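Worksheet: one structure, shown below.
The values are calculated or read from the model by the stated rules, or taken from the named source; none is laboratory data. Quick caveat, the model's predicted, so the values are computed rather than measured. All Cβ positions, glycine included, derive from the backbone under ideal geometry; neighbour counts span all protein chains shown.
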Amino acid sequence: MPRFIDHHATSPNLPPEVISIIRKALRSGQPNEFGQKGINVFIGSQRTFCCNEAPSADAVRRSHAAMGISLGPDDVVEVIALP
């Protein structure tokens, strides 16, 4: 499955229920309805970076959109891990 890193502005007022949903999804290890599976999330003071497995960059964008996070075409990059 392809891996992607996306980035978007960190929301300082992310509701606790959204954080709970994200944590639960990461822990489950199961893909969502878009085929996206979160691997990890890194939250900084200005930006958040998400590492995902997904069938496409569009699946990553749709998954984020379902949580109210809009990602542009340059916000999602396919990556390959070095051995």
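Odds and ends about this structure:
- The one condition in (1) surrounded by fewer than 16 Cβ atoms within 10 Å (Cβ to Cβ); (2) closer than 16 Å to Pro2 by Cβ that Ala57 fails to fulfil: (1)
- Any hit, region 46-54, residues being in a helix (DSSP H, G or I) and over 19 Å from Ala9 (Cα atoms): no
- Criterion: at pLDDT 90 or above, β-branched (Val, Ile, Thr) and over 10 Å from the mean Cα position of the chain (by Cα) - qualifying residue of Val60, Val79: Val79
- Restricted to region 19-41, and to residues there that are of a type in the set (S, T, N, Q) and in a loop (DSSP other than H, G, I, E, B), the residue that is surrounded by the fewest Cβ atoms within 10 Å (Cβ to Cβ) is Gln30.
- Annotation note: of Phe34, Phe4, the sole residue that is of a type in the set (Phe, Trp, Tyr) and in contact with a Lys or Arg (Cβ under 8 Å, 6 or more places away or on another chain) is Phe34.
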